[in-house]
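Here the structure is laid out as structure tokens; the discussion comes afterwards.
The values are calculated or read from the model by the stated rules, or taken from the named source; none is laboratory data. Values in this document were obtained by computation on a predicted structure and should not be read as measured data. Cβ atoms come from the backbone with ideal geometry, glycine included; neighbour counts cover every protein chain shown.
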Amino acid sequence: MKVVRLSSGAFACLLVIAFQTSALAQLSHGFTLKAPAGAQEAERSISLPLKAIEYHPSTSASAKAAAADSPIMAASRTIPLWTETTASPFGSFTYTMVGKDPTVFLGTAQASTIKSPVLPIVFTFSATGDVYDPTATDPCSPAGTPYNLTLGSPIFKAHKYVVGGTLVGSTQYTDFFQRANFFAFTKPTGLNPKYHVKVTSVTKAGIAVTASGFPEISGGCGNLGLIEINAWDGFVQSALFPALAAAGVTPKTLPIFLFHNVVLYIGTPSQCCVLGYHSAFNNPSFSGSPFQTYAVADYDTTGDFGTGLQDVSALSHEVGEWMDDPDGGNPTPPWGHIGQVGGCQNNLEVGDPLSGTLVNVAINGFTYHPQEMAFLSWFYDEPSIGVNGWFSSNGTFRTFAVEPCH
């Protein structure tokens, strides 16, 4: 999933921000945006069970951001990136991914590690005083706080992955996915058997946000808060990133803004719910405005979305898509009518075709539910270079996408 930014003058929601005293104390400014008309329609216009929706507006803004930084420049200014062109039956397509190119011999330099500051967003909804805090104990999450469970999840911790009888490695979930995605090159007899793209969690203090004029709904276990997505994303870029720059959140990192039982809507609450997205822009807080990527994800414990969305499923979706489509603009032949995509898409969003298809990963006595994701070969209608000749990480797809989509 990705989102396109609005200019600061286009924000329509009211957020009054107060930051906790911490390493991020320099963020203790106030920020105010006006709530959109109709925001309180949520109680009468949304009913359970809720549905996760995709958000894919124009990719022009992020495509421009990606074009501003070549992979050569990326080594010193942003996250590591590599670019390749593939020839599918529908034409040639050039894509950019995070890490190093697994299809060429990398010698001893096969691994990439990106620091990932995990930023818990503590929302207080002013109308009710309800607080949605990823770092707090929650009766809906007896195994631990959503923040601690995220840090201890397969997004950041190693697990042994054997799929279809094939050992892919003991590693993080999205690194397992990428190794499986390019298994012809990352297998023990491949060019780069020690290939990895890993994220290292960096803990940060919570960022307290008072949400004024935004709706909440009651559901399964506890309430669910709703925030308008364009207002939130504009706030992230115009207010949070400048303040975070001094706290070590740079274009060389992947910051993750972690929500707890707070989701996003598009324009009006009836257009709900987006549980996460990844995006990119040119960060003006640093010299030359380098390419900055980031992700947003909700850790849901309400149960309002059924069994297809649990704990880190939204976050695994976004980190996997960030890895293979860092600005949301990697082109593919049109595909769709699958997963959470009702129409047609033409980008390399590896989570979207399998939204709701989860796998069980047990770490330290807790069973997580990251999402299965589609391989490169699925999108480009090519012979599989993935593990077991599959077209997705757990074998749900055994052939490529039906394209072109209509």
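Of the residues making up the range 357-382, those that are buried (at least 16 other Cβ atoms within 10 Å of the Cβ) and either within 17 Å of A314 (Cβ to Cβ) or without any contact (Cβ under 8 Å) to a residue 12 or more places away in the chain (or both) are T357, L358, V359, V361, Y368, H369, P370, Q371, E372, M373, A374.
Among the candidates A143, A180, single out the residue that is aliphatic (A, V, I, L, M), surrounded by fewer than 23 Cβ atoms within 10 Å (Cβ to Cβ) and either farther than 21 Å from S392 by Cβ or within 24 Å of the chain's Cα centre (by Cα) (or both). Can you show your working first?
Details: A180 fails: surrounded by fewer than 23 Cβ atoms within 10 Å (Cβ to Cβ).
The conditions single out A143.
Per-residue answers, yes or no, for (1) at pLDDT 95 or above; (2) farther than 23 Å from N330 by Cβ; (3) under 24 Å from the mean Cα position of the chain (by Cα):
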| residue | (1), (2), (3) |
| --- | --- |
| P353 | yes, no, yes |
| G356 | no, no, yes |
| V359 | yes, yes, yes |
| T367 | yes, yes, yes |
| G386 | yes, no, yes |
| F391 | yes, no, yes |
| N394 | yes, no, yes |
| E403 | no, no, no |
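For the range 275-284, the criterion of being touching a Gly at 6+ places or on another chain (Cβ under 8 Å), closer than 22 Å to F125 by Cα and not in a strand (DSSP E or B) is met by none of the residues.
Summed over the range 303-337, residues that are at pLDDT 95 or above and on the phi > 0 side of the Ramachandran plot total 1. Scanning the range 383-406 for residues that are touching a Pro at 6+ places or on another chain (Cβ under 9 Å) and surrounded by 20 or more Cβ atoms within 10 Å (Cβ to Cβ) returns S392, F397, F400, A401, E403. Is one or more of the residues making up the range 78-89 over 30 Å from A136 (Cβ atoms), loosely packed, with under 12 Cβ neighbours inside 10 Å and touching a residue at least 24 places away in the same chain (Cβ under 8 Å)? Yes, because at least one residue in the range 78-89 is over 30 Å from A136 (Cβ atoms), loosely packed, with under 12 Cβ neighbours inside 10 Å and touching a residue at least 24 places away in the same chain (Cβ under 8 Å).
Conditions (1) of a type in the set (G, A, S); (2) closer than 25 Å to K115 by Cα; (3) in contact with a Ser or Thr (Cβ under 8 Å, 6 or more places away or on another chain), marked per residue:
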position	(1), (2), (3)
P284	no, yes, no
S289	yes, yes, no
F305	no, no, no
S313	yes, yes, no
G320	yes, yes, yes
G329	yes, yes, yes
P334	no, no, no
L376	no, yes, yes
P383	no, no, yes
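Among the residues in the range 301-321, are any surrounded by fewer than 24 Cβ atoms within 10 Å (Cβ to Cβ), aliphatic (A, V, I, L, M) and in a loop (DSSP other than H, G, I, E, B)? Within the range 301-321 (the criterion being surrounded by fewer than 24 Cβ atoms within 10 Å (Cβ to Cβ), aliphatic (A, V, I, L, M) and in a loop (DSSP other than H, G, I, E, B)), the answer is no, since none of the residues qualifies. Scanning the range 54-112 for residues that are among the acidic types (D, E) and closer than 23 Å to A401 by Cα, we see that the one that is modelled with the lowest pLDDT is E54. All of (1) of a type in the set (S, T, Y); (2) touching a Cys at 6+ places or on another chain (Cβ under 9 Å); (3) free of Cβ contacts under 8 Å to residues at least 60 places away in the same chain hold for T302 with one exception: (3). For the range 196-226, filtered to residues that are more than 13 Å from D130 (Cβ to Cβ) and hydrophobic (A, V, I, L, M, F, W, C), the residue that is surrounded by the fewest Cβ atoms within 10 Å (Cβ to Cβ) is C221. I'm trying to understand the selection: among the residues of the range 92-124, which are within 14 Å of N330 (Cβ to Cβ) and surrounded by fewer than 20 Cβ atoms within 10 Å (Cβ to Cβ)? S92, F93, T94, listed by residue number.
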